[in-house]
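Below: the structure, in structure tokens.
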Amino acid sequence: MNEPQSLDELFKGKIFRVPDYQRGYAWGTDQWEDFWEDLVNLAPDRSHYTGVLTIKEIASEEIAKDDKEHWLVENHSYRMFHVVDGQQRLTTFVIFLQAFAECIAQLPDFAGKEPEDIYFVDGLSLADVRDNYLYKEKPPDHLFRTYKFGYAEDNPSYDYLRYRILGEDGSGSVAGTFYTLNLKNAKIYFTEQLADLFNDTGLVGLQNVYRTLTKRFRFNEYVIRDEFDVFVAFETMNNRGKTLSDLELLKNRLIYLATLYEDPPLNPDDRRNLREHINDGWKEVYHQLGRNSRKPLNDDDFLRAHWITYYKYSRETGKDYIHFLLDEKFSPKHVYVRAGRDVLLDLPEEPEPDETLSDDDEEPVDEMEQPEAARIRLPPKEIHDYVTSLKDSSEHWFASYFPRQVSGMAEDEIQILEKLNRIGIGYFRPLVMSILKNAPDLSQRLFIFRSIERFIFLAFRFGGARSNYRSSEFYKAARDLDRGETTLEAIDSALSERLSYLFESDGALKPTSFQAQLEKKFKNGSGYYGWAGLRYFLYEYELSLLDRSRQKKVDWEDLLKSSRKKGRHDQISIEHICPQTPTQYWKAAFGNQSIRRYERYSGSLGNLVLLSRSINSSLQNDSFPEKKDPKLNDLGEVVRNGYSEGSHSEIEVSRNESWGPKEVRARGLKLLSFMETRWKVRFRDEGAKEDLLFLPSDK
């Protein structure tokens, strides 16, 4: 390996391209802060070792004449390289230098000057920075740029880096992803840091960081030769602070396998087409996962969910999916001709697992299919079909999270998917993805989604079932539906059957599990306020009132906020109408009962209301008449809306003249009746409902 090189030396005569098997730009604030701290704090007599840059040269004959790099390689002795490891660092350097060039160009001393006329350090102009590190324009007409560093053209970040980061004209619309958001934020971060540095130190500070970066940040350059396998090398490498996701490793593996096939079964054109198919598939997957750039979806969650629907689910460990995909299914040993033979070895017996240590009480299901060791070769069509399925599924995976961002989706379907996300979709997401992908009839999808939502509420929020209850069965259903081996009707029957433990023989709902949950919560003082399903339940009740009034006053996203803006708590919350700690007013309103009896009323379901406005905790003990009307400060400004102008639930409560034991009981019974209607259940009688309110007896 050569002596460490400066960035100045490294970029001479080279063009760097991030190849198709690489991910996008994954660095974030932590890595940018480390980079900036290293840059501004490096002592004048020291160098900073940045790491190893691993690259693979692209043969000049592989660069087509119509490629934008060809003129530099052919006429100017440039060499072109794929970046195997180090692209995160190189991307950061390029973004920093672009932000630096823009900062220099905007300084008052250089206003209005062309880059060729802006000399800012050591006899260098901004045009020199551009030519050395960013891009060169083809003479004599300068019609296009050739970038010194960039992505392969089929990478989703290719256009974004050119047009949004490096400022090329004529972009039109450029799609954004999670990775391009990182590019954008990196430029924002360095632009602001450089501006602050100039304000503190003037041009001298900017000159110093430029010299430090280009002269004293040093790499070891390692060039992979033909005899080494670039794809295998890539799998063993990680970038600083950001390990490769399983999805990224799998893409590299599939492209690698595409290069291994001989003719037959694949001729060179077929190998190229398979590789392009893999790239197209991953491009769509990354687009869908990063489509909501503010809330990007996790790569590996999607890969595991797809594995569940495409292969058979195994519950051995949480990483079974990637071990199967990389070590079994898509292993080079299934492409190579078998070289060895079976050998009988004297091996110890495998110890039997201790079943008492298992945390899964599920009935066994078929485990995932295993290939027959190295005897089976992997037909190229299996790779093609797998990638096609992965690509097609990604759209529906996104829709399961963000249905309102999917064009053409019916409002009824958007609403039920939003309900599933609010209640906690859990292990049902692969099944939901499979339904969206494979069930063409809207009415049937609505029917099964409502059944799933009912199952989640009754089993997990009401019945207290463990979070993995029947998970294996419904993972298998996702796979069977994807293969056409089950129907929505069969899945609905299974959902109903698995809820049978909650019902009496006559169809009445057994309240025992729910009652046991609540008993513990009333003993610890929280009552219904500690019920995990409360927020969802009260929000659904609010929506039921909305159906009649047609004016929405509460958004679920607002319900989850907890930030402070302009000194006010910006959280929609659940309030105890009669407070947990009673004032003299509230003691009298409840007949001066004992604290224990009062706490039962305070923690009961009917005493809890969903608020549509932020409140000041000091106001929560106000009397009921005060709560009903807006609260004003000394300037006559509204500091808290009253119930009469709040959510539909608040308005309903405000219609009461007073608030005491009778009102708490009546509203509690009404809410339990709503539960019956909303989730299609029936309590045995009014007495069963009374028991669930945990109110003190009148005796």
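The values are calculated or read from the model by the stated rules, or taken from the named source; none is laboratory data. None of the values given here were measured: they were computed from a predicted structure. Ideal geometry is used to build each Cβ from the backbone, glycine not excepted, and the neighbour counts take in all protein chains shown. Heavy atoms of the whole protein, side chains included, go into the accessibility calculation; ligands, DNA and RNA do not. Shrake-Rupley method; radii C 1.70, N 1.55, O 1.52, S 1.80 Å.
For the pair region 626-699 and region 524-543, the centres of their Cα atoms are 12 angstrom apart.
A simple charge model with +1 on the Cβ of Lys and Arg, -1 on the Cβ of Asp and Glu and nothing else charged puts the dipole of the chain at about 2880 debye relative to its Cα centre.
Pairs spanning more than 30 Å between alpha-carbon atoms, out of Lys136/Lys283; Lys65/Lys333; Lys283/Lys437; Lys138/Lys187: Lys65/Lys333. Within the straight-line cut-off of under 24 Å between alpha carbons, the lysines reachable from Lys680 are Lys419, Lys510, Lys670, Lys689, sequence neighbours fewer than 8 places apart in one chain being disregarded. Computed packing ranks the peptides 65-77, 414-426, 274-286 as 274-286, 414-426, 65-77, most packed first, by mean other Cβ atoms within 10 Å.
Largest accessible area first, the residues Phe16, Phe402 order themselves as Phe402, Phe16 under a 1.4 Å probe with ligands, DNA and RNA left out. Once backbone amide H atoms are built at 1.01 Å from N, Ile224 has Ile55, Lys56, Glu57 as its partners under 5 Å, excluding neighbours fewer than 5 places away on the same chain. Counting only the Cα atoms, region 1-155 fills a convex hull of 155 Å³ per residue. Computed from Cα atoms, the angle from the helix 268-289 axis to the main principal axis of the chain rounds to 40 degrees. When the surface is traced with a 1.4 Å probe over the full set of protein chains, Ser573 keeps roughly 20 Å² accessible. In the context of the full set of protein chains, the chain has a per residue accessible area of 48 Å² (1.4 Å probe).
For the chain, the longest principal axis of the alpha carbon atoms and the long axis of helix 299-310 meet at an angle near 70°. Between the amide H of Tyr135 and those of Lys148, distances stay under 5 Å, these residues lying 5 or more places away or on another chain, with hydrogens modeled in the peptide plane. Taking the C-alpha atoms only, the angle from helix 488-497 to the longest principal axis of the chain is near 50 degrees. Across the options Asn199, Ala105, Thr91, the greatest Cα extent toward the positive end of the charge dipole of region 77-204 (unit charges at beta carbon of Lys, Arg, Asp, Glu) belongs to Thr91.
Here is the list for region 460-560: trypsin sites (Lys or Arg not before Pro) lying in DSSP coil, each with at most 13 other C-beta atoms within 10 angstrom of its C-beta, are Arg466, Arg483, Arg550, Lys552. When the Cα positions of Ser6, Ile491, Gln620 are compared along the charge dipole of the chain, Gln620 comes out farthest toward the positive end, with charges on each C-beta of Lys, Arg, Asp and Glu.
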